[in-house]
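I have placed the structure first, in the form of structure tokens, so that the comments after it can refer back to it.
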Amino acid sequence: MFYVGIDIAKNTHVAAISDDSITILEEPFSFNNNLLGFNQLLKVLVLYPKEQLLIGLEATAHYGENLLNFLFQNGYKVALLNPLQTAALRKNNIRKTKTDKVDALTIIKVLKFEDVTTISNRDINLIALRSLCNQRRNLLTLRTRSKIQLVAYMDQVFPELQMFFKNNLHINTSYTLISLHTSPQDIKQLHLTYLTNLLKKASRGRYGKIQALQLKQIAKGSIGLDNPIICLQARMAIEQIQLFNNQMDIIEKEIIKRVDALDSRIMTIPGLKQISAAMILSVIGDINRFPSSKAIIAYAGLDPVVFQSGKFEANTTHMSKRGNSMLRYALMLAAHNIVRNSDTFSNFYAKKISEGKSHYSALGHVAGKLIRVIYTLLKNDIDFKE
């Protein structure tokens, strides 16, 4: 058997090849992250029997995805390694050396001595799903930022409007009104019939003449700035929010379609939504990359931080939050929904609350239990049962 370790970077990768005895056959060499570089790697790989080659690279960021797909499409066996595996082996080195060349050799040792699995078409689909989930998360962040900006703008030009909409400017009626008539100076001059029809249509009948009269009265007594620049910025913020909403709808439909096609066992867990399942599955990937559910808990950053010094030991602990943030977010979001739909998880949550845990702390424990359940379902290929 021949082992190929590849250390992934943004522009230039480093590869090395060894045999079963970990004798280096090809000293670490670099190649560019482009087609020319990939073909350079192929020229070295063809010197060895393809069926006896095992190629390994770490699952870090997105820089290695093009290479991963390239090697897979060319029929090579590729293992996507958990960074925790290489990190643990790297820590065992006495000199604590970390370079691209050393990392390539470390990956070879993981391939040789650890139980690794090669990627399949399912794994390739999960990588594409992870890309969609990352894009959705980015859009969610941008939309949240635009919403915060909108509130800040309206606090300056029409601060009373937020109370009129019951502390929620982020509804269709509010967006429609601000897009057409942003300032109180503009609103107080509107004809009552026009304003009534505008609110009625935007709210689908929930707002009418009474609310229109109230709004005009509020506008007359507003302390808002008569600033056309800030009004323009508020309207642009709404346009951005609506753009992000449309893009998220498109991406979520694609995510749901791909999750349904996976037909994963974890979808048998009551209350686990498709979007949360997509984030969880796409980050975990092949369940065999993890030796136990504890490894996934650590990878998600849900493991507790233990503080102990001498005879002192902290009574309370906090989650480390040092792992994959998207996986941690998806698990906490899923835990919130599952508690309301599953007796098993609801009883577990109630038990933690009875022990004096806060709501958020209890959800963290539920998320940990969810990982253990997911690990069991995927590892044994079985459905969830209460």
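Here's the yes/no breakdown for (1) touching a residue at least 40 places away in the same chain (Cβ under 8 Å); (2) assigned to a helix (DSSP H, G or I); (3) under 16 Å from LEU370 (Cα atoms); (4) over 19 Å from the mean Cα position of the chain (by Cα):
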residue	(1), (2), (3), (4)
ASP260	no, yes, no, no
MET267	no, yes, yes, no
PRO270	yes, no, yes, yes
SER276	yes, yes, yes, no
LEU281	yes, yes, yes, no
ILE296	yes, yes, yes, no
LEU302	yes, no, yes, no
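So that you can scan it fast, the table gives a plain yes or no per residue for (1) modelled with pLDDT of 95 or more; (2) out of contact with any Cys (no Cβ under 9 Å at 6 or more places or on another chain); (3) farther than 22 Å from ASP123 by Cα; (4) aliphatic (A, V, I, L, M):
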site	(1), (2), (3), (4)
MET267	yes, yes, no, yes
SER276	yes, yes, no, no
ARG289	no, yes, no, no
THR317	no, yes, yes, no
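Annotation: ILE256 fulfils all but one of (1) in the same structural domain as ARG145 (by TED's automatic domain parsing); (2) in contact (Cβ under 8 Å) with a residue 12 or more places away in the chain; (3) under 30 Å from ASN125 (Cα atoms); the unmet one is (1).
Of all residues in the stretch 327-381, those that are of a type in the set (D, E, K, R), within 26 Å of LEU132 (Cβ to Cβ) and assigned to a helix (DSSP H, G or I) total 2. Please state which one of ILE241, ILE256, ILE250 is closer than 30 Å to ARG130 by Cα, surrounded by fewer than 18 Cβ atoms within 10 Å (Cβ to Cβ) and in contact with a helix residue (DSSP H, G or I) (Cβ under 6 Å, 6 or more places away or on another chain). Unique residue meeting the criteria: ILE256. Residues that are crowded, with 18+ Cβ neighbours inside 10 Å and of a type in the set (A, V, I, L, M, F, W, C) number at least 3 in the following helices (runs of 4 or more DSSP H) confined to the stretch 117-222: 121-157, 192-203, 209-220.
The values are calculated or read from the model by the stated rules, or taken from the named source; none is laboratory data. Keep in mind it's a predicted model, so treat the numbers as computed, not measured. When we count neighbours, we look across all protein chains shown, and the Cβ atoms used for this are built from the backbone with ideal geometry, even at glycine.
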